[in-house]
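Everything on this sheet refers to the single structure shown next.
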Amino acid sequence: MQFRIIAGWAGLGLTFIKPLIGTITAYWVVYSPLRAGMGIALIALLDICDGVVFRLSPFASNRRIAMIRRLADAIGDRMVVQGVLLVMVFKAGFPLWVYAAATLVQATVTVLVPFSHIIKRPIWKPSPASRIGGVALAAAAITWLVADPVTSTICAGIMAVFGGLGICQYCQMIVTQKRV
């Protein structure tokens, strides 16, 4: 039982530490691209781990705590992605179209998820395609910083395709979900 409580606090901690790591990563974009790439990889890993670790805890069954953590996670993730990508666009020459595509996908999902709750057809899980799109975005950012623009552009294209598919999956979830 003790492990499960520790897992809950660890999951919450991982959720709330990502914006700090994002701020440090944004600084590294300018001064140490290799460290920035490692920071982006760490943020992507934490994004997966925080929810998995939290779901191991007894807190996950408390709907209010789970909803607050999920909301904080979504807001924190968007802040981190937008912050790091903006610094990359202005200081590392990252393509503006990739930033715009990522922003469009994130904005659409940010509208769809609360909308699904308003119409009593809530989305609780991320779509598989949007997960792949997120990984592709991280890969595009990392390869832009430490490898070559061609690989980054390929990863960005994958992000755009899977981001669009993720939006379609979210819409399908809303339509097929039973009212609560």
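Candidates A60, A107: the one that is in the same structural domain as A141 (by TED's automatic domain parsing) and either farther than 24 Å from A147 by Cβ or in contact with a strand residue (DSSP E or B) (Cβ under 9 Å, 6 or more places away or on another chain) (or both) is A107.
Taken together, G157, G134 contain a single residue that is under 29 Å from Y31 (Cα atoms) and at pLDDT below 95, which is G134.
Looking at P128, is it at pLDDT below 95, in contact with a Pro (Cβ under 9 Å, 6 or more places away or on another chain) and more than 14 Å from D47 (Cα to Cα)?
Working: at pLDDT below 95: yes; in contact with a Pro (Cβ under 9 Å, 6 or more places away or on another chain): no; more than 14 Å from D47 (Cα to Cα): yes.
Spelling it out, it is not the case that P128 is at pLDDT below 95, in contact with a Pro (Cβ under 9 Å, 6 or more places away or on another chain) and more than 14 Å from D47 (Cα to Cα).
Take D50 and tell me if it is charged (D, E, K, R), part of a helix (DSSP H, G or I), free of Cβ contacts under 8 Å to residues at least 40 places away in the same chain and not assigned by TED's automatic domain parsing to the domain that holds P149. Walk me through it before giving the result.
Details: charged (D, E, K, R): yes; part of a helix (DSSP H, G or I): yes; free of Cβ contacts under 8 Å to residues at least 40 places away in the same chain: yes; not assigned by TED's automatic domain parsing to the domain that holds P149: yes.
Here the answer is yes, as D50 does meet what is asked.
Exactly one residue out of M79, M159, M88, M67 is assigned by TED's automatic domain parsing to the domain that holds Y31 and closer than 25 Å to V175 by Cα, and it is M67.
The values are calculated or read from the model by the stated rules, or taken from the named source; none is laboratory data. Every value quoted in this text rests on a predicted model; they were computed, and no experiment measured them. Using ideal geometry, Cβ is built from the backbone for each residue, glycine included, and neighbour counts are taken over all protein chains shown.
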